[in-house]
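A.B. asks: First, the structure itself, so that you have it in front of you.
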Amino acid sequence: MSRTAGLVEVAAAVIQRPDGSFLLGRRPPGKVFAGYWEFPGGKVEPGEGVAQALARELREELGIEVQRAYPWIVQRFVYPHAHVQLHFHRVVQWRGEPRPHEEQLLAWTSVDDMRLAPILPANGPVLKALALPHEIAITCASELGVPAQLEKLDAALAAGVRLVMIRERQLPDVQWRAFAAAVIEHTRGCAARAIVNDTPARASMLAADAIHMNGAELMQAARRPDAILCGASCHDAAQLARAQALELDYAIVGPVLPTPSHPQAPGIGWERFAQLIEGSTLPVFAIGGMQRRHLERAWECGAHGVAMMRAPWAGQDATPITRRP
C-alpha cells in the first residue's frame, strides 16, 4: 500500500485468543488521550515495513513475539495532534504472556462483553468489524428446493453458522417473501443473522435490518441504505472504493476461483484478490469457489473471511471455523 504524505503510519494489533477475546491497553498518564483504551501497537519507523513495526512494537510494549498474524483492515482518523493511518493485523499466535512494559493497564475483553471505556475513536469501527463471523453462508434454494434448503439451513445453524445471506432474486415475489421470512425466523431462533440480498424494494417488504447490494445497485446508491448491517458485492477497485465511501459494514469481492455455475471463468485468483483489497477500510469476504479450507488463504490475503454458496449445504466439513488461533 502506498503511503500518503502527512499521515502518521501506525501498526495496530488485534491480539485474539481462540475464543475470540482480544487484548486492549489503557494509555498511561502523561500520554495524549491518557486513560483511553486502545489496541496495542505503535508508529511505523522510517524504512520499516508494517509487519516489522508490528513485531517490534509488541515485543517492546508487551514482551511477546509474534508467530502468526494476518493483515486486516486499515483505518484513518484525524486526532487533534495527528492524522493517523492504522494498519490493523489480527495476531492469532504469539510466544510469551502479554505484560505491560510501558505502564499501561491491560485487559482481555470481547465484542459481546465490551465494558471498557472510553476507547479511542479510531478503534470504534474495528469493534464492529470484529463482531462479524468469518463465514457467510449463501442460500441456493433455486438448486436445492425450498424445503431442502430450510432443512440444510437448520443443520448449518446447529453447526455454528451465524451469518446467512438470502440470495434468491429469481424467485417470484410471493415465493421469495415466504422463503426469506422463513430464513429470518430460523436464524433469529439461533442467535444468527440473515442478510437480504435483493433489490431495495423487495428488501423493504421484510423491513430487513441487514441488506446486501450487488455491484450495479452499489454504484447507483446515493447514500448508505438505512440498515443496521449493510454490505455489497464488489468486482473491481471502483466498486470497492464506493463501498468504502458509503461506509458500508463489509464487502464481498470476487470471484476468486472458478465456480460450478461458471466453470470456464478462471476468477481473479488469490494474488489479484490480495492486491485489490489491500488497504481496505472494510472487512472483506472472498467469494467464488470458496470452501472452508480456503479460509486460511483468505486471511493471508487480508480478508476477514469467505462467502460460500454451496459448501455450507453440502454436508462436508460441516463445522464452521468462526474462531481459530
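The values are calculated or read from the model by the stated rules, or taken from the named source; none is laboratory data. Bear in mind the structure is a predicted one, so any value in this text is a computation, not a measurement. Virtual Cβ from ideal backbone geometry, glycine too; neighbours counted across all protein chains shown. Ligands, DNA and RNA are excluded from the accessible area calculation, which covers all protein heavy atoms including side chains. Shrake-Rupley method; radii C 1.70, N 1.55, O 1.52, S 1.80 Å.
A.B. asks: Please tell me if VAL196 is open to solvent by less than 20 Å² (accessible area, probe 1.4 Å), within 10 Å of MET165 (Cα to Cα) and part of a helix (DSSP H, G or I).
C.D. replies: no
A.B. asks: Taking only segment 99-120 into account, find how many residues are exposed (fewer than 15 other Cβ atoms within 10 Å of the Cβ) and closer than 18 Å to TRP72 by Cα.
C.D. replies: Qualifying residue count for the region: 0.
A.B. asks: If you don't mind, another one. Output the residue which, of all residues in segment 246-270 that are without any contact (Cβ under 8 Å) to a residue 60 or more places away in the chain, closer than 21 Å to ALA203 by Cβ and of a type in the set (A, V, I, L, M, F, W, C), is surrounded by the fewest Cβ atoms within 10 Å (Cβ to Cβ).
C.D. replies: Looking at the filtered set, the residue picked out is LEU246.
A.B. asks: Here are VAL84, VAL78: which of them is open to solvent by 70 Å² or more (accessible area, probe 1.4 Å) and over 22 Å from GLU300 (Cβ atoms)?
C.D. replies: It is VAL78.
A.B. asks: Then there is this: Starting from segment 121-133, keep only residues that are under 21 Å from ALA298 (Cβ atoms), then list their pairs with residues that are of a type in the set (D, E, K, R) and crowded, with 19+ Cβ neighbours inside 10 Å whose Cβ atoms are within a distance under 8 Å, requiring at least 6 positions of separation or different chains.
C.D. replies: Taking only residues 6 or more apart or on different chains, the pairs are LYS128/ASP249; ALA129/ASP249; LEU132/ASP249; PRO133/ARG162.
A.B. asks: Note down all Cβ pairs under 7 Å where the first residue falls in segment 2-21 and is farther than 21 Å from GLU57 by Cα, the second is open to solvent by 20 Å² or more (accessible area, probe 1.4 Å) and modelled with pLDDT of 95 or more, and they're at least six residues apart or on different chains.
C.D. replies: Sorted first by the residue in segment 2-21, then by its partner, the pairs are GLY20/SER110.
A.B. asks: Sticking with this structure for a sec: Does TRP313 count as of a type in the set (Phe, Trp, Tyr) and in contact with a strand residue (DSSP E or B) (Cβ under 6 Å, 6 or more places away or on another chain)? Write out each step before concluding.
C.D. replies: Values: of a type in the set (Phe, Trp, Tyr): yes; in contact with a strand residue (DSSP E or B) (Cβ under 6 Å, 6 or more places away or on another chain): no.
Taking the combined requirement at face value, the residue does not satisfy it.
A.B. asks: Starting from segment 197-222, keep only residues that are among the hydrophobic types (A, V, I, L, M, F, W, C), then list their pairs with residues that are in a strand (DSSP E or B) and surrounded by fewer than 22 Cβ atoms within 10 Å (Cβ to Cβ) whose Cβ atoms are within a distance under 8 Å, requiring at least 6 positions of separation or different chains.
C.D. replies: ALA210/ARG193; ALA210/LEU229; ILE211/LEU229
A.B. asks: Report, by residue number, each residue of segment 160-189 that is in a loop (DSSP other than H, G, I, E, B) and within 21 Å of the chain's Cα centre (by Cα).
C.D. replies: GLY160, VAL161, ARG162, ARG167
A.B. asks: Of these, GLU38, GLU45, which one is touching a helix residue (DSSP H, G or I) at 6+ places or on another chain (Cβ under 7 Å) and over 19 Å from GLU65 (Cα atoms)?
C.D. replies: GLU38
A.B. asks: State which residue is most open to solvent (accessible area, probe 1.4 Å) when the search covers only segment 121-168 and only residues that are of a type in the set (Asp, Glu) and in contact with a helix residue (DSSP H, G or I) (Cβ under 8 Å, 6 or more places away or on another chain).
C.D. replies: It comes out as ASP154.
A.B. asks: While we're looking at this one, here's another question. Within segment 22-55, track down each residue that is in contact (Cβ under 8 Å) with a residue 12 or more places away in the chain, of a type in the set (D, E, K, R) and open to solvent by less than 70 Å² (accessible area, probe 1.4 Å).
C.D. replies: Hits for segment 22-55 are ARG27, GLU38.
A.B. asks: So which strands (runs of 3 or more DSSP E) are wholly in segment 201-300 and hold at least 3 residues that are in contact with a helix residue (DSSP H, G or I) (Cβ under 7 Å, 6 or more places away or on another chain)?
C.D. replies: So the answer is 229-234.
A.B. asks: Continuing with the same structure: Please state which of the following conditions PHE273 fails to meet, knowing it meets all the rest: (1) modelled with pLDDT of 95 or more; (2) farther than 25 Å from PHE77 by Cα; (3) open to solvent by 10 Å² or more (accessible area, probe 1.4 Å); (4) among the hydrophobic types (A, V, I, L, M, F, W, C).
C.D. replies: (3)
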